[in-house]
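The values are calculated or read from the model by the stated rules, or taken from the named source; none is laboratory data. Worth saying up front: this structure is predicted, and the values here are computed from it rather than measured. Positions of Cβ are backbone-derived with ideal geometry, glycine not excepted, and every protein chain shown enters the neighbour counts.
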Amino acid sequence: MQRHEAIARILQHREPLGGLGVESLTLFGSVARNEATNEGKYPIGVFHFSEIRLLLEDVLGCSVDLGTRNSLRNHLKETVLKDLIYVF
């Protein structure tokens, strides 16, 4: 999936995401770099994010890694932060 397509799909669902408490959303990784493939792993996430993750996976049609900026591990932080694309 291309970055612009992911952003458009997410923006179409901004209201329900907001209803789930999502105040801002950023893309990172392969989608942000326009290098996404159909391969991916399901993240081991926090239970609170399950509904948001499922909604985003339904909207995007692919697996989603979900986390907060504060949850980034130090060894991943630089790589993830350089790819951020603010959606809203």
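Taken over region 57-88, the criterion of being in contact (Cβ under 8 Å) with a residue 60 or more places away in the chain and part of a loop (DSSP other than H, G, I, E, B) is satisfied by G61, C62, V87, F88. Pairing residues of region 1-19 that are over 19 Å from S63 (Cβ atoms) and at pLDDT 90 or above with residues that are of a type outside the set (G, A, S) and surrounded by 13 or more Cβ atoms within 10 Å (Cβ to Cβ), at Cβ distances under 6 Å and at least 6 apart in sequence or on separate chains, gives R14/F88. The conditions of being part of a loop (DSSP other than H, G, I, E, B) and at pLDDT 90 or above are met by V22. Selection of region 44-71 for residues being at pLDDT below 85 and more than 17 Å from V22 (Cβ to Cβ) yields only I44.
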